[in-house]
1. Along the charge dipole of the chain, Cβ charges K/R +1 and D/E -1, which of Y386, A44, T620 sits furthest on the positive end?
2. Taking only the alpha carbons of the stretch 504-617, what extent do you get along each of the three principal axes, in Å, biggest first?
3. What FRET efficiency do you get for T553 and N163 if R0 is 60 Å and r is their Cβ-Cβ distance, rounded to the nearest 0.05?
4. Roughly how many debye, to the nearest 20, is the charge dipole of the stretch 46-140 about its Cα centre, given +1 on each Lys and Arg Cβ, -1 on each Asp and Glu Cβ, and no other charges?
5. Kindly rank 152-162, 260-270 from highest to lowest mean number of other beta carbons found within 10 Å of each residue.
6. For L559, enumerate residues with amide H under 5 Å from its amide H, sequence gap 5+ or separate chain, H modeled in the peptide plane.
7. From the phi angles alone, apply the Karplus equation (6.51, -1.76, 1.60; θ = phi - 60°) to the stretch 419-427 and give each ³J(HN,Hα) in whole Hz, x where the residue is Gly or Pro.
8. From largest to smallest, what semi-axes in whole angstrom does the stretch 382-431 give when each is the square root of 5 times an eigenvalue of its alpha carbon gyration tensor?
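Nothing in this text is a laboratory measurement; each read-out follows from the coordinates by a stated rule. All values reported here derive from a predicted model rather than from experimental measurement. Every residue, glycine as well, gets a Cβ built from its backbone with ideal geometry; the counts of neighbours run over all protein chains shown.
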Amino acid sequence: MLSEATSRPSGRAALWLSAAAVSAALAFGGAFAAPAGAQAATTANYTGIVLGVGADETQRTVTWYSSADSAQVVQIAPTSALVGGQFVASVTSFAATGSANIASSGGFNRHATLSDLQANTQYSYRVGSDGNWSPTYSFKTQSFEGDFDFLFFGDPQIGASGNVANDQAGWVDTMNVALNANPDTELLVSGGDQVETANTEAQWDAFLAPEQLRSYPWAATIGNHDVGGKAYEQHFYTPNTDYSADYYRAGNTATESGGDYWYIYKDVLFIDLNSNSYNNATGGGDEAHVQYVTDVVKAHGADAKYTVLVYHHSIYSAASHAKDGDNKVRRVDFPTTFSQLGVDLVLQGHDHVYTRSYEIKDGEKANPDEQPGANDVFVGEGGVIYMTANSASGSKYYDITAPDNSGTSGAGNGADPLNPSSYWYNSVQSQEKTRSYVKVQVKADELVVEGIRSQASANGGVESKIDSVTIHPHHADGGEELQVVVPTAAPGEFGWTIEGHNGLVDLGTAEEKDGYFEAKGAINPIAVSDTRSSLAPWSITSVLGEFADGKKTFSGSYLGWSPKVVTPGAGAVAGASVTSGFDGGAGLSVDRVLGAAVQGHDKGEALLGADLDLKLPTETQTGSYRATLTITALAG
């Protein structure tokens with residue numbers, strides 16, 4: 001369990017710089033040794049090959065079943081290096097590890113982690129050993145910086161209908177529809193319940209049938225139908241996984257699957273929980289999950305712009321499981337901690353219905369005036385949105401149930417005062433009994449979440465939207481958030497734009513000068529109002545912290561400004577101009593005056609602004625950086 005004591009920054013403003021990844025030669029490393037007693041020449045059959053997420057965007061995992069307990073690897077090369085489909089150059093091998101499967105599965109499992117992947121590269125890979133290879137598959141990495149999309153799939157639960165072939169067909173069709181419409185999506189995220197019966201391999205074969213599971217990384221989640229055996233762990237290897245007994249149902253590590261895990265992909269910290277373990281009295285439970293999330297966010301939250309949690313059991317749903325006792329327990333145990341830690345979005349499954357919550361803070365509706373179905377939600381501090389995805393295969397649906405009189409906060413299932421047929425916590429709840437999936441667009445200062453039909457219904461055709469919401473994250477008072485894109489040196493442009501709710505300053509593309517990047521822009525104007533009879537002096541000052549992207553940093557001194565009075569009043573006089581530290585000096589890394597007024601000034605209002613001048617060395621590391629611009633008002 002993590003124990004680092006630092007906390008995720010909150011209530012601070014930030015400057016975001018992002019850039020395309022620096023080109024670099026592909027360099028892999030890896031060695032392997034055969035398992036004890038294994039014969040290198042053993043012929044093996046390989047099945048169940050699935051591509052998985054790695055610890056970050058530079059990694060992928062590959063997992064598979066083998067009929068033989070032999071030394072095996074994943075062989076990978078840029079697709080452009082293949083000759084006639086053959087691996088002849090720039091080939092790297094990553095050693096596989098694994099163990100014997102349970103008796104009902106038969107054979108053996110293997111997995112390997114592919115590391116040091118380069119951005120914007122098409123790769124081909126195969127598993128096996130010399131003379132005994134699987135077919136060749138491929139995947140493509142995207143830019144390691146900036147916006148991206150991922151897709152979230154609720155409960156395929158292959159076999160739940162009683163007809164595995166039909167469930168497989170629906171699942172394959174949803175994957176085809178989703179990936180044909182979104183070919184550049186970067187992750188496929190699971191809501192759990194891949195199959196109906198945990199150790200039934202025929203159901204797993206049907207779940208793994210879509211070819212896209214070899215080309216797009218699957219971020220697995222354990223559902224209540226997956227948890228009762230070891231097949232889930234045999235089929236999926238996940239990064240940074242804690243397999244301690246606390247994260248298994250009733251501590252059963254021997255015959256069940258479990259574990260909590262996390263990974264960072266671009267600007268998102270994903271944390272995935274085994275929600276089957278919820279009862280604190282039987283070991284671990286929600287108490288352990290809450291501590292796990294707390295530890296991970298404290299250790300890694302500052303390395304990402306958003307935090308997204310994923311687990312199976314929806315705590316804010318609308319159908320058969322909405323009033324389940326275990327979900328009421330989670331509904332009390334989770335929300336306050338998630339709010340305190342700055343979680344942005346929670347993705348869930350289990351109830352085979354589509355729901356989107358209101359903004360929830362500490363287990364209550366955060367804004368009583370938020371309207372049902374609002375398409376834009378500007379969350380306050382501690383506000384979290386919870387989503388529930390419907391079935392992606394169509395194997396099973398649950399009817400929406402009616403609210404009761406058990407209350408409109410915490411564990412209650414009372415009615416929404418604004419929409420009495422819905423639960424108090426749901427902004428949207430929908431049951432069309434047609435297949436669907438959820439698309440999440442991760443942008444610089446918003447998350448766009450859409451429920452999308454993969455099967456036509458009476459309410460819309462294939463690829464039409466069930467629901468859409470843009471989540472605007474909270475930016476704390478007392479500062480402004482700036483965003484700038486720093487491109488790879490030559491060619492490149494540099495530009496600034498100012499936009500945004502609640503203080504964000506969004507910067508566009510750049511221009512490279514002779515030996516440095518330069519960009520000019522302006523802060524959001526700051527209004528000052530002074531109606532005091534004392535006519536005492538006042539001043540507005542600002543200081544900019546260090547820019548950071550994970551372990552990469554540069555000084556806030558590179559930003560300079562020229563303050564100005566946009567609208568005169570209140571005796572306002574602009575502060576002195578400050579040059580970028582690139583030309584010498586400390587820039588805005590020390591306190592600077594934006595505007596001030598002396599004793600005896602007129603009463604009134606003023607609007608202060610400042611033109612910004614950022615100069616950076618061309619050797620500045622590529623990345624998405626943030627820094628805090630703190631604004632302080634002093635009044636005598």
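1. With unit charges placed on the Cβ atoms, the residue in question is A44.
2. The Cα atoms of the stretch 504-617 stretch 51, 25, 23 Å along the principal axes, largest first.
3. 0.60
4. Approximately 160 debye in magnitude.
5. Order by mean packing, descending: 152-162, 260-270.
6. It is G581, L588, by chain and number.
7. Result, rounded to whole Hz: 7, x, 7, 9, 6, 4, 8, 9, 7.
8. 22, 14, 10
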